[in-house]
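Notes for the one structure printed next.
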Amino acid sequence: MTPFTSLTAIAAPLEIAKIDTGMISPGRFQRIRRRPGHADYADVFLHDLRFDEHDRPRPDFVLNDPAYRGAQILVTGPDFGCGSSRETAAYAVLDYGLRALIGPGFGDIFAGNCMQNGILPVVLPIETVQELWRQLKSAPGSTMTVDLREQTVTAPDRAAHSFEIDPTRRERLLSGLDDVGVTLQHLPQIEAFEREYQRRKPWLPRLS
Amino acid sequence: MTLPRTMLEKIWSEHVIVASAHPDLPAQGGKEQRGEDLLAVDLNLLHEGGTFLAFDQLRIEGRKVRSPERNLAITDHYLPSLPRAAGPGSIANPAIRNVVEWLDQHTREFGLPHIGMNDARQGITHVIGPELGLTQPGMLITCCDSHTATQGAMGALAMPIGQSNQERHVLATQTIWQKKPKTMRITIDGALPPHVTAKDVILAIISRIGIGGAIGHAIEYAGSTIRAMSIEARLTICNMSIEAGGRIGMVAPDETTFEYLQGRPYAPRGADWDLAVRHWRTLASDAEAVFDRELSIDASTLAPMVSWGTSPEDSSPITQCVPDPSSAADLERRRRIERALEYMALTPGTPLSSIAVDRVFIGSCTNARIEDLRAAAAVVRGRRSVVPAMVVPGSTGVKGQAEAEGLHRVFEQAGFEWRESSCSMCGGSNGDMLERGQRSASTTNRNFEGRQGPGARTHIMSPAMAAAAAITGRLTDVRTL
């Protein structure tokens, strides 16, 4: 996965509470294949909020405002990503182009899935989030900075807000290590275990 | 002297590669390693449902399958239950055909062993693991399916994993991070009354402890009733551990297990067999082992069970009536029963044995092994089904065995359809579904809203009870036939 260190990008305000993973990645899109180098889940992201029943963009939906085109930061309402554990929700966020989510709180499994995919969920107090919304709306297309090394979010008004993150998760995002990468750091132990294990249990089935 | 240990603790410790430094911290949904041990996976079984995302992710990451010889892909969920010799291309529905073809493509691309739709060994994953002798005592087995616990009946530690990210982790590393669950022993003692089967035992357990009753616990089923059971019956019990809230269910291996395994295609042979059996005999929980929870069931008090609601815990002996929500212990339970009865179109106080059914389904990883088909055939022999009914054997091997015994004739003469092995109408992934509002008697494991199709109404029960329902057209106490 792509490491996350610091990101300066256009930020979009999404002032809706409890957007669940079913809204982020609706059920009927769960069989879309993913190809290297393609953003196959880009249109899935918040599909029914962004598009009407004829698949035309809803002009009044915030992310369809041309000012937010290319946004890589989304400032969300409370409980973004609650609901089912579907991993396509994180794919949709990533393929839409987002690298950081800022909100008062996130669905637990969803947040874990995001970090597996190099997306940083930042938790800030609701008052701070509301202030960010206010600034972003007053100057649509403003940029913000999310710095994981410093653990700060810099608002459009240049005020810096620090945030907390689990140190293990921070380390992994900074180095671009996903769960498989972490496990494979133990590869010498795994291989040593397997040699001894195979010696003790030679009868275990092997397929071909 | 070592402390007495449970079977779970013994098998678990044999597979720990990296022990958690903080075993008392909570697990983080499999994503964080705090509180979790890194375990070696002896065998990973996977099917076509949802796993294409795991392979897509591996490809995007440029990763390979680390130990293909310890994995087996099996096509089961999306397979037509009608004749299918023409291969995947003959599946009319493109969405279903795609999923089948994707697994074919992915197993070729990643070099994974695969039992595809026209393989003579094909079957439902949880049926053929034991049937092929792949599932052996003491093994740690993962599978991207909530009914993985089925295989614990062989004395294995079999755990469900997620179909995309977690599947990909197992494929890429042949390991899994897991927090050791608590242990719960359910002891069933005594002789089962006539026509009371493993399915009735597990439904009785679930109706007592509820669908969340064993959450966070690995269940060990013990006691004289279990010891007297065949492997097929034990597989049925362990299968529905997840409907009791337990991701893991297991039975200690014994002579019945060894006898079942010996001579099967992947079972050890010669000196390896002796070595294996010697080890397998050490796996049972020690006499003094302490479990976090205990539950005892008197087998002699049990009766044939049927479900009446929209959760497996909504099950009662067939002799009872549809419950009255107002007699529920609390308001939440009362509301849930009201909603369930509304969905099921049932009136409180109606005798369960008067509920008419539209269809009968005998199949699934719960109840489609040879003994299940024999039990159902014994009921229908010489009789006629008065509603559409079908039998979908749990594996192509089971189908062949049943045909060798002439069971297919018994079913066909009774008006049942005799189909090809598939997961079929259990969850309807292959298109075998009930119509909206239809009511089934089904040998499956879940009666959730919409499980057998949108608006479908499912009553779950044993194969003999489902067969009896086909003969009378209503839920029926098989003992009265």
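The values are calculated or read from the model by the stated rules, or taken from the named source; none is laboratory data. Only a predicted model underlies this, so the values are computations on that prediction, with no experimental measurement involved. When we count neighbours, we look across all protein chains shown, and the Cβ atoms used for this are built from the backbone with ideal geometry, even at glycine.
Quick notes
- Residue in region B:334-347 that is surrounded by 13 or more Cβ atoms within 10 Å (Cβ to Cβ), without any contact (Cβ under 8 Å) to a residue 12 or more places away in the chain and either closer than 27 Å to residue B:471 by Cβ or touching a helix residue (DSSP H, G or I) at 6+ places or on another chain (Cβ under 8 Å) (or both) present: yes
- Flag for residue B:424 being crowded, with 20+ Cβ neighbours inside 10 Å and at positive phi: yes
- Residue identified as under 14 Å from the mean Cα position of the chain (by Cα) and of a type in the set (A, V, I, L, M, F, W, C) among B:222, B:244, B:214: B:244
- Residues within region A:30-70 that are within 18 Å of residue A:114 (Cβ to Cβ) and hydrophobic (A, V, I, L, M, F, W, C), tallied: 6
- Residue count for region A:32-50, restricted to those that are surrounded by fewer than 16 Cβ atoms within 10 Å (Cβ to Cβ) and more than 14 Å from every other protein chain (Cβ to nearest Cβ): 2.
- Cβ-Cβ contacts under 9 Å between residues 6 or more apart (or on different chains), taken from a first residue in region A:163-180 that is closer than 17 Å to residue A:145 by Cβ to a second residue that is in a helix (DSSP H, G or I), are listed as A:165/A:173; A:173/A:115.
- Taking the criterion of being more than 7 Å from every other protein chain (Cβ to nearest Cβ) and within 22 Å of residue A:88 (Cα to Cα), the residues of region B:58-71 that qualify are B:58, B:61, B:62, B:64, B:65.
- Taken over region B:116-139, the criterion of being among the hydrophobic types (A, V, I, L, M, F, W, C) and within 14 Å of residue B:84 (Cβ to Cβ) is satisfied by B:117, B:120.
- Figure legend. Inter-residue proximity from region B:1-13: first residues closer than 13 Å to residue B:217 by Cα, second residues at pLDDT 95 or above and surrounded by fewer than 17 Cβ atoms within 10 Å (Cβ to Cβ), beta-carbon distance below 8 Å, spacing 6+ or different chains. Indicated pairs: B:6/B:286; B:6/B:290.
- A Cβ distance below 9 Å, combined with a sequence gap of six or more or placement on separate chains, defines the contacts here; from region A:133-152, residues that are without any contact (Cβ under 8 Å) to a residue 12 or more places away in the chain reach residues that are crowded, with 16+ Cβ neighbours inside 10 Å and not in a loop (DSSP other than H, G, I, E, B) in the pairs A:134/A:13; A:152/A:145; A:152/A:146; A:152/A:161.
- If you filter region B:276-290 down to residues that are hydrophobic (A, V, I, L, M, F, W, C) and either part of a loop (DSSP other than H, G, I, E, B) or more than 22 Å from residue B:250 (Cβ to Cβ) (or both), you find that the one that is nearest to the other protein chains (Cβ to nearest Cβ) is B:283.
- In region B:118-168, the residues that are among the hydroxyl-bearing types (Ser, Thr, Tyr) and more than 10 Å from every other protein chain (Cβ to nearest Cβ): B:125, B:142, B:146, B:148, B:150
- One residue alone among B:181, B:160 is under 17 Å from the mean Cα position of the chain (by Cα), closer than 27 Å to residue B:277 by Cα and surrounded by fewer than 23 Cβ atoms within 10 Å (Cβ to Cβ), and that residue is B:160.
- Across region B:95-103, not a single residue is classified as of a type in the set (Lys, Arg), more than 14 Å from the chain's Cα centre (by Cα) and at the interface with another protein chain (Cβ under 9 Å from one of its Cβ atoms).
- The residue that is surrounded by the most Cβ atoms within 10 Å (Cβ to Cβ), among those in region B:427-454 that are in a loop (DSSP other than H, G, I, E, B) and hydrophobic (A, V, I, L, M, F, W, C), is B:434.
- Only one entry in A:163, A:193 is at the interface with chain B (Cβ under 10 Å from one of its Cβ atoms), surrounded by 13 or more Cβ atoms within 10 Å (Cβ to Cβ) and not basic (Lys, Arg), namely A:193.
- Residue within region A:28-44 that is in contact with a Leu (Cβ under 7 Å, 6 or more places away or on another chain), closer than 30 Å to residue B:144 by Cα and in a helix (DSSP H, G or I) present: no
- Residue count for region A:172-190, restricted to those that are buried (at least 16 other Cβ atoms within 10 Å of the Cβ) and more than 10 Å from chain B (Cβ to nearest Cβ): 2
- Search result, residues across region A:46-78 that are touching a Gly at 6+ places or on another chain (Cβ under 9 Å) and either free of Cβ contacts under 8 Å to residues at least 24 places away in the same chain or not β-branched (Val, Ile, Thr) (or both): A:65, A:66, A:67, A:68, A:69, A:70, A:71, A:72, A:74, A:77, A:78
A quick yes/no check of all residues on (1) charged (D, E, K, R); (2) surrounded by 20 or more Cβ atoms within 10 Å (Cβ to Cβ); (3) modelled with pLDDT of 95 or more; (4) outside the structural domain of residue B:157 (by TED's automatic domain parsing):
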| site | (1), (2), (3), (4) |
| --- | --- |
| B:238 | no, yes, yes, yes |
| B:250 | no, yes, yes, yes |
| B:259 | yes, no, yes, yes |
| B:270 | no, no, yes, yes |
| B:274 | yes, no, yes, yes |
| B:277 | no, no, yes, yes |
| B:287 | no, no, yes, yes |
| B:292 | yes, no, yes, yes |
| B:328 | no, no, no, yes |
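- Residues located in region A:3-27, provided they are hydroxyl-bearing (Ser, Thr, Tyr) and part of a loop (DSSP other than H, G, I, E, B): A:5, A:25
- Which listed residue, of B:201, B:127, B:170, is crowded, with 24+ Cβ neighbours inside 10 Å, under 14 Å from residue B:297 (Cβ atoms) and modelled with pLDDT of 95 or more: B:201
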